[in-house]
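S.K.: Take this structure first; my questions come after.
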Amino acid sequence: MLESESGFPLESPAVAKFREGVLKGDWDMVESLFSTLELDQNKDTVVVQFLIRQQKYLELLEKREIKLALYTLRSELTPLAFDTERLHILASFMMYSNTEDLKRRAEWDGAFGTSRQKLLLQLQKYISPSIMIPEHRLETLLEQATTLQRMSCLYHNTDEYISLYSDHVCDRSQFPTVTTHTFLQHTDEVWYVAFSNNGKFLASASRDKTAIIWSIETKNSVHVLNKHTDYVSFLSWSPDDTKILTCGQDNEIRLWSVESGECLNTLKKHTEPVTTCAWLPDGKSFISGSQDKNTYLWNLDGTIIDKWTGARIVDLAINKEGTKMVAICHDGKLHIYNLETKKEEAILDENAKLTSVCLSNDCKYALVNLSSREIHLWDIEEKQIVRKYYGQKQGKFVIRSCFGGIDQRFVVSGSEDSQIYVWHRENATTLEILSGHIGAVNSVNWNPTNPYMFASAGDDHTIRIWGTPSAADHKGKMKTP
């Protein structure tokens, strides 16, 4: 319609005929139009000819026109002297008398399936886009435009549809910048907080030797886990949120029932403080790290399945597939392990003491806090630092950061100056510096099911829940039952 009304053709008549010829299977006409496509005669012409003649050959086999298929193989495909291995595979298709066997072996759905459309997409790679516009190009351009709008919006934190009729800007008032609730039950520094996977509960670990499970809905504590005999430094929710592991300075790991608050098991293999732990996706095993230079893979009954030795592990994280583990140690190194082979794949060096590590949802990136007042984003596949975030203060304490928001567009970290720092993940712009705690902010954690909520824990014995200004209308303190 646009071509008709404007009088401006999107493609030349020859290219339109080429496209039509491929979709109709008129192979002689298709080859006669090669000169209109501006192909590289030394390379692309042979590839394009091979792809077209391969399709022709398969269609002849599908119709059981064996003599013509054999002629195409010998006189049209073979003289091209291209991809001998593929040529041998094509020749082997002659032995299939059943069309369905041919399609299955060739991974091809026939002349009247999608094979011709797929062929056209393959050919498109070798034809100049100025000659033959790629399929769905307008849709691609529109998607690129919306992607650019999302990336340009510093506070973007919604999955709502973006219209191109106007420039998209998210209102800062929809970003979590105010304290909506405060937990007050701990009697000493709170060192770690983590939301449950369903986002309905929060658990905290404290220097007061306890861990507490809190309900986000009722704004009350649910259970106080108080069997450790020394500080509780870390905890981890099971994948199904039915259990919690706590790590203590008493060298112990304890397994708890979330429903009853009962301690189900006490694991005592480590000989120095246990610094971290993480569940495997099956929920039946986990890995712990310690200052004793031993990292253990456990069953829930306390059986050790495997171990790694030599590094004083500070923190560790496991990808969602359970195939890879990233751990940081006291020597300023990132260790990457293959959990299928149980082998160490790589060691990445940093230039300062490391205090925490977490993985992105796609498990391609690791976020690492350094005592040199930097946070580094590592591409663990390419094994290189791709971004750095500056501003937070840390030197002598364990300070933790995390990803947050829709599609993890933000990076948020605690700090020794009582502030919370929030950056735009892609361009490292500092978006917010939030106040509220008195003393160091040790840990932050973003609610996995609510992009407008995160939690922070500090030396002032408190845990703060951060939300949008509108959520603050219901502000109140979370008290024990």
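S.K.: Collect residues whose amide H, placed 1.01 Å from N in the peptide plane, falls under 5 Å from the amide H of Ile380; neighbours closer than 5 in sequence don't count.
M.R.: Tyr365, Ala366
S.K.: Would you give the gap between the C-alpha center of region 183-233 and the C-alpha center of region 397-418, rounded to a whole Å?
M.R.: 19 Å
S.K.: So, R0 is 51 Å and r is the distance between the beta-carbons of Asn427 and Ile66; what FRET efficiency does that work out to, to 0.05?
M.R.: Efficiency, from the Cβ-Cβ distance: 0.25.
S.K.: I've got another one for you. Packing-wise, with mean Cβ within 10 Å as the measure, how do 119-128, 89-98, 399-408 rank, highest first?
M.R.: 399-408, 119-128, 89-98
S.K.: Helix-only mean residue ellipticity at 222 nm, the chain, DSSP H runs n ≥ 4 weighted -39,500 (n - 2.57), per residue, nearest 500. What is it?
M.R.: -5500 deg cm²/dmol
S.K.: Skipping prolines and chain starts, which residues have an amide H placed within reach, meaning under 5 Å, of the one on Ile463, given they are 5 or more residues away or on another chain?
M.R.: Amide H to amide H, under 5 Å and 5 or more residues apart or across chains, Ile463 pairs with Phe183.
S.K.: Continuing with the same structure: Order these peptides, 7-16, 24-33, by their mean beta-carbon neighbour count within 10 angstrom, highest first.
M.R.: Per-residue mean Cβ counts within 10 Å order the peptides as 24-33, 7-16.
S.K.: Also, I was wondering about something else. Under 21 Å Cα to Cα from Lys268, which lysines show up? Leave out anything in the same chain fewer than 8 places away.
M.R.: Lys209, Lys227, Lys243, Lys284, Lys293, Lys307
S.K.: Would you list which aspartates and glutamates come within 16 Å of Lys342, measuring only between C-alpha atoms, while excluding same-chain residues fewer than 8 positions from it?
M.R.: By straight Cα distance, Lys342 reaches Asp306, Glu321.
S.K.: Give the long-range amide H neighbours of Tyr192: residues separated by 5 or more places, or on another chain, with amide H under 5 Å away, using H modelled in the peptide plane at 1.01 Å from N.
M.R.: Here Ala205 satisfy the definition.
S.K.: Hey, another quick one. Suppose the chain between His330 and Thr84 were pulled fully straight at 0.36 nm per residue; how much longer would it get relative to their current alpha carbon spacing?
M.R.: Taking His330 through Thr84 to full extension adds about 83.2 nm, to one decimal.
S.K.: Using +1 on the beta carbon of Lys and Arg, -1 on that of Asp and Glu, and nothing else charged, what's the dipole of the chain about the Cα centre, debye to 20?
M.R.: Result for the chain is approximately 820 debye, rounded to the nearest 20.
S.K.: Okay, moving on. Normalised radius of gyration for region 2-135, please: alpha carbon Rg relative to 2.2 N^0.38 Å, two decimal places.
M.R.: Rg over 2.2 N^0.38 Å, computed on Cα atoms: 1.12.
S.K.: Same structure, new question: Mind giving me the FRET efficiency for Lys118 and Arg74? R0 is 35 Å, r the Cβ-Cβ distance, nearest 0.05 is fine.
M.R.: 0.85
S.K.: Follow-up question, since we're still on this one. For His136 and Leu264, compute 0.36 nm times the residue count separating them, minus their Cα-Cα distance, and round to one decimal in nm.
M.R.: 40.4 nm is the gain from fully extending His136 to Leu264.
S.K.: For a quick check of your reading of the filter: which GluC sites (Glu not before Pro) in region 325-365 sit in a DSSP loop and have no more than 16 other Cβ atoms within 10 Å?
M.R.: Here the GluC sites (Glu not before Pro) that fit, given the DSSP loop and packing criteria, are Glu340.
S.K.: What is the distance, in nm, between label points placed 7 Å from the Cα along the Cα-to-Cβ direction at Ala352 and at Ser435?
M.R.: Going from the Ala352 label point to the Ser435 one covers 2.4 nm.
A short reminder: the numbers here are calculations on the coordinates, not readings from a lab. All figures in this text were calculated on a predicted structure; none of them were measured in a lab. No Cβ is skipped: glycine too gets one built from the backbone with ideal geometry, and neighbour counts run over all protein chains shown.
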